[in-house]
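These notes concern the structure reproduced below.
The values are calculated or read from the model by the stated rules, or taken from the named source; none is laboratory data. Not measured: the values here are computed from a predicted model. All Cβ positions, glycine included, derive from the backbone under ideal geometry; neighbour counts span all protein chains shown. Just so you know, the surface numbers come from the protein's heavy atoms only, side chains and all, with ligands and any DNA or RNA stripped out. Shrake-Rupley method; radii C 1.70, N 1.55, O 1.52, S 1.80 Å.
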Amino acid sequence: MPGSKVELYAAIRRDARELGLSSRALALKYSVGRRTVALALESAWPTARKRMPPRGSRLDPYKLAIDGMLRADLDAPRKQRHTLTRIFHRLLDEYGAEEVSYAMVRDYVFDRRREIRVEEGRGPPASFIPQTHRPGDEAEVDFGDVWINLAGTLTKCFLFSLRLSYSGRSVHKIFASCGQEAFLEGGRFPLVVDTLIIGS
């Protein structure tokens with residue numbers, strides 16, 4: 001049995017073309033309706049599934065009232081702001097929202113409280129930090145001690161580490177010494193680095 005609808009359509013079209021099966025025989029063979037067989041013979045690609053319109057909520061008629069309470073809280077002293085329980089009881093008492101549950105109000109207020117703060121310009125500050133390094137301009141270089149087993153003998157070597165500041169890409173190589181030749185050999189890679197910041 002074909003796994004996906006595309007495979008099912010391809011199998012139906014192939015059997016109709018090569019075996020000459022009727023629509024009824026194809027429907028029986030693949031356990032589908034004749035409408036599906038007709039659609040498969042019409043086009044090799046299944047039609048996209050219709051998107052259902054968003055369902056309404058029983059809370060919809062009261063969302064403006066809740067928003068009003070949350071907006072009023074922005075200027076109210078901390079002790080006088082609406083708690084979730086207070087909002088729920090006000091909906092019951094003032095608006096007769098008997099069909100609304102506490103959980104519905106909780107879920108709406110949880111997200112909406114932050115959104116209203118942002119809409120009113122009182123949300124958290126923008127935390128975007130622009131990149132200050134240009135590509136290939138700077139890299140950080142350091143050596144570190146590494147102990148390796150070399151032909152059965154524990155040998156101290158040096159790990160050369162180079163990290164590009166812009167992309168964060170890095171190069172790591174092990175050398176027997178941390179002299180200038182190791183630095184120059186370790187720094188050979190396709191990108192041109194103008195400024196090297198030597199780590200401590």
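Structure data summary
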| quantity | calculated |
| --- | --- |
| Unique residue being at positive phi and either small (Gly, Ala, Ser) or open to solvent by less than 40 Å² (accessible area, probe 1.4 Å) (or both) when the list is Gly123, Gly168, Gly144 | Gly168 |
| Within the range 103-200, strands (runs of 3 or more DSSP E) holding 1 or more residues that are over 30 Å from Ala65 (Cα atoms) and modelled with pLDDT of 70 or more | 138-150, 153-164, 170-175 |
| Residue under evaluation Arg71, criteria (1) in a loop (DSSP other than H, G, I, E, B); (2) in contact (Cβ under 8 Å) with a residue 24 or more places away in the chain, criterion not met | (1) |
| Pair list, Cβ < 6 Å and 6+ apart or interchain, from the range 40-64 residues that are within 18 Å of Arg90 (Cβ to Cβ) to residues that are among the aliphatic types (A, V, I, L, M) and assigned to a loop (DSSP other than H, G, I, E, B) | Arg58/Val100; Leu59/Val100; Tyr62/Ala97 |
| Residue under evaluation Asp15, criteria (1) without any contact (Cβ under 8 Å) to a residue 40 or more places away in the chain; (2) among the acidic types (Asp, Glu); (3) open to solvent by 40 Å² or more (accessible area, probe 1.4 Å), criterion not met | (3) |
| Residue tally, condition aliphatic (A, V, I, L, M) and either touching a strand residue (DSSP E or B) at 6+ places or on another chain (Cβ under 8 Å) or within 20 Å of Glu115 (Cα to Cα) (or both), over the range 73-96 | 4 |
| Residues of the range 36-88 satisfying the condition of being of a type in the set (Val, Ile, Thr) and surrounded by 12 or more Cβ atoms within 10 Å (Cβ to Cβ) | Thr36, Val37, Ile66, Ile87 |
| Options Ala44, Ala40; residue that is in a helix (DSSP H, G or I), of a type in the set (Gly, Ala, Ser) and either at negative phi or at pLDDT 90 or above (or both) | Ala40 |
| Selection count where residues are among the acidic types (Asp, Glu), more than 37 Å from the chain's Cα centre (by Cα) and open to solvent by less than 80 Å² (accessible area, probe 1.4 Å), scope the range 89-101 | 0 |
